[in-house]
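S.K.: Shown below is the structure under consideration.
The values are calculated or read from the model by the stated rules, or taken from the named source; none is laboratory data. Every value quoted in this text rests on a predicted model; they were computed, and no experiment measured them. We place every Cβ from the backbone using ideal geometry, glycine too, and count neighbours over all the protein chains shown. Note: areas computed on protein heavy atoms with side chains; ligands, DNA, RNA excluded. Shrake-Rupley method; radii C 1.70, N 1.55, O 1.52, S 1.80 Å.
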Amino acid sequence: PTWAMVGGVKHWKQYKAITRDEYIALYYDLLRSRFRADRMPFLDLVQRERLVLLCFCGAGTFCHRHLAVDILEKIATANGLTVVRGGELEVVRK
């Protein structure tokens, strides 16, 4: 996502506030636009044996990772690939 999208949904002072639904729509539009501009990075990702998406957001919280997985899963399915979601991993900080 762009910083404006992240800052907007997290209500950071310097960004225009947006709702979660607005964020979702903006992020899906952004990914679709990027896919139309260059499909190869997306196709490369969905053809990997294993893919892990990372973010600073904690497990179980609203995060763009979940939205990205939805898009990648649709791309994989459209290309005849099977997707098995492994769920979220807990990061143990020491």
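S.K.: Using θ = phi - 60° and the Karplus relation 6.51 cos²θ - 1.76 cosθ + 1.60, list the HN-Hα couplings for segment 42-56 in order, rounded to whole Hz, with x at every Gly or Pro.
M.R.: 5, 5, 4, 5, 6, 8, 6, 5, 9, 9, 10, 9, 10, 7, 6
S.K.: For the chain, give the percent of accessible area contributed by carbon and sulfur heavy atoms, probe 1.4 Å, rounded to a whole number.
M.R.: 55
S.K.: So how tilted is helix 64-78 from the main axis of the chain? Cα-based, degrees 0 to 90, rounded to 10.
M.R.: Tilt relative to the chain: about 30 degrees.
S.K.: Oh, and also: Determine the distance separating the Cα centre of segment 23-41 from the Cα centre of segment 55-74; give it in Å without decimals.
M.R.: 14
S.K.: Can I ask one more? For the chain, with only Lys/Arg (+1) and Asp/Glu (-1) charged at the beta-carbon, what is the dipole magnitude about the Cα centre, in debye rounded to 20?
M.R.: Dipole size: approximately 260 debye.
S.K.: Could you work out how far helix 20-37 tilts from the main Cα principal axis of the chain, as a 0 to 90 degree angle to the nearest 10?
M.R.: 40
S.K.: OK, next. At a Cα cut-off below 14 Å, give the aspartates and glutamates reachable from Lys10, other chains included and same-chain residues fewer than 8 away excluded.
M.R.: Asp21, Glu22
S.K.: Taking the convex hull of the Cα atoms, report for the chain its projected area averaged over all directions, in nm².
M.R.: Working: hull surface 29.7 nm².
Computing the convex hull of the Cα atoms and averaging its projections yields 7.4 nm².
S.K.: Once the dipole of the chain is set up with Lys and Arg at +1 and Asp and Glu at -1 on Cβ about the Cα centre, which of Leu81, Trp12, Cys63 lies farthest towards its positive end?
M.R.: Trp12
S.K.: Still on this structure, please answer the following. List the residues, sorted by chain then number, that are 5 or more residues from Leu53 or on another chain and whose placed amide H is less than 5 Å from its amide H.
M.R.: Distant-sequence amide H within range of Leu53: zero hits.
S.K.: Output ³J(HN,Hα) for segment 79-93: one whole-Hz value per residue in order, computed from phi by the Karplus curve 6.51 cos²θ - 1.76 cosθ + 1.60 with θ = phi - 60°, and x for Gly and Pro.
M.R.: So the J values, rounded to whole Hz, are 9, x, 9, 8, 10, 10, 6, x, x, 8, 9, 7, 8, 9, 9.
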